[in-house]
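Worksheet: one structure, shown below.
The values are calculated or read from the model by the stated rules, or taken from the named source; none is laboratory data. As the structure is a prediction and not an experimental result, all values here were calculated from the model. Here the Cβ positions follow ideal geometry from the backbone for every residue, glycine too, while neighbour counts run over all protein chains shown.
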Amino acid sequence: MLMLNPNCVYMLAADHRWQWEEWCDGRAMRRERIAEVKRLAFDAFLQARDRSHDVKTYGALLIDEQYAAPLVAQAMSSGITVGTPAERAGAFPLAWSTSPFERALTGEFAKVLVRYRPDDPEAIREAQFEKLQALQGWCRRAGKPVVLEILVARRNEPEDEFEASGRPRMLATFIAEAYRRHIVPEFWKIEGTVSHDGARIIDEAIAARPEGRQIILGKGADAETIERWFGAAAGTRSAAGFAIGRSVLWEPATAYLAGTTDAAQAVSAIATNYLRLVDAWRAATARSG
């Protein structure tokens, strides 16, 4: 069984579901076509792996059973480190996509997304932690690493202050509470910050467990913003790479669905975008010493 490298992960995240459903519904396009997007991402990952020793060594693919079940099986048989999401797409509070876990978590690792604010009702926060404990227990028994993604929404806070310190402190609060409850994912999938102080706050929280590692998510951001996030995170103890999807594949895939480009062009563009992120991460870590 292939596993995520604890020191470096370049993850192509292609498990988006509600975003594609919304896009297709807004254009009166059949949702069945979402499966074609998943194929583009899969083929692009294969192409990137052929082009890059780094991807061959550290690459991972995150893709869902809902629209890409055949690709999960194909990835497993092709020697790709592949994982699948546990959460019902877009759900808050946390809910499972299917039950039991075996139906959704067919890859080598499991990813779960949680939306969190410390000012959410206590009952919601408690229920989400209980679900995470149940998932971790199942994954430990199944031998599957856990990637825990935390999204913290800005509400009334000034944007600059929230991005620099507000969100990092809320993330740190969540991480500390998870550790207190013995929830220890193999990787935290974390929203980036351009603030080095913010990155330090997050890193100190994660590194409270020596095995703690973080990978930076993309939020559909542009390449310049992502590179700034990489620059802030790369010098921290827990930083281990990225897990990014829409910033890599959204534009080529929507062009394909709209009929303005063909599959081969879309696959090549996705692979190139992904490899640029690999190069950007390597450059950021080199600069950080």
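Filtering segment 266-281 to residues that are under 21 Å from residue 235 (Cα atoms) and touching an Asp or Glu at 6+ places or on another chain (Cβ under 7 Å) leaves 278, 280. Taking every residue in segment 145-169 that is free of Cβ contacts under 8 Å to residues at least 24 places away in the same chain and pairing it with any residue that is part of a loop (DSSP other than H, G, I, E, B) and surrounded by 13 or more Cβ atoms within 10 Å (Cβ to Cβ), at least 6 positions away or on another chain, the pairs with Cβ-Cβ distances below 7 Å are 162/154; 166/157.
Going through (1) in contact with an Asp or Glu (Cβ under 6 Å, 6 or more places away or on another chain); (2) more than 25 Å from residue 5 (Cα to Cα) one by one, residue 251 falls short only on (1).
One residue stands out in segment 267-287 among those that are within 20 Å of residue 243 (Cα to Cα) and over 21 Å from the mean Cα position of the chain (by Cα): the one that is surrounded by the fewest Cβ atoms within 10 Å (Cβ to Cβ), namely 286. Of everything in segment 150-190 that's of a type in the set (Phe, Trp, Tyr) and crowded, with 18+ Cβ neighbours inside 10 Å, which residue is nearest to residue 217 (Cα to Cα)? It comes out as 188. For segment 34-79, the set of residues classified as at pLDDT 95 or above, within 20 Å of residue 147 (Cα to Cα) and either of a type in the set (Asp, Glu) or not in a helix (DSSP H, G or I) (or both) consists of 59, 60, 61, 62, 63, 64, 65, listed by residue number. Taking segment 138-149 as the range and being surrounded by 13 or more Cβ atoms within 10 Å (Cβ to Cβ) and either of a type outside the set (A, V, I, L, M) or touching a Gly at 6+ places or on another chain (Cβ under 9 Å) (or both) as the test, the residues that pass are 138, 139, 144, 145, 147, 149.
Examine segment 70-83 for a residue that is crowded, with 22+ Cβ neighbours inside 10 Å, closer than 24 Å to residue 113 by Cα, polar (S, T, N, Q) and in contact (Cβ under 8 Å) with a residue 40 or more places away in the chain, and state whether such a residue exists. Checked against the condition, which is being crowded, with 22+ Cβ neighbours inside 10 Å, closer than 24 Å to residue 113 by Cα, polar (S, T, N, Q) and in contact (Cβ under 8 Å) with a residue 40 or more places away in the chain, segment 70-83 yields at least one hit. Tell me which of these residue 92 doesn't satisfy, since it passes every other one: (1) over 16 Å from residue 189 (Cα atoms); (2) of a type in the set (Phe, Trp, Tyr); (3) buried (at least 17 other Cβ atoms within 10 Å of the Cβ); (4) in contact with a strand residue (DSSP E or B) (Cβ under 7 Å, 6 or more places away or on another chain). Among (1) over 16 Å from residue 189 (Cα atoms); (2) of a type in the set (Phe, Trp, Tyr); (3) buried (at least 17 other Cβ atoms within 10 Å of the Cβ); (4) in contact with a strand residue (DSSP E or B) (Cβ under 7 Å, 6 or more places away or on another chain), residue 92 violates only (3).
Quick check: anything in segment 195-216 crowded, with 22+ Cβ neighbours inside 10 Å, over 26 Å from residue 31 (Cβ atoms), touching a residue at least 60 places away in the same chain (Cβ under 8 Å) and of a type in the set (D, E, K, R)? Checked segment 195-216: at least one residue is crowded, with 22+ Cβ neighbours inside 10 Å, over 26 Å from residue 31 (Cβ atoms), touching a residue at least 60 places away in the same chain (Cβ under 8 Å) and of a type in the set (D, E, K, R). Look through segment 187-226, keep the residues that are among the acidic types (Asp, Glu) and more than 15 Å from residue 164 (Cα to Cα), and return whichever of them is farthest from the chain's Cα centre (by Cα). Selected residue: 204.
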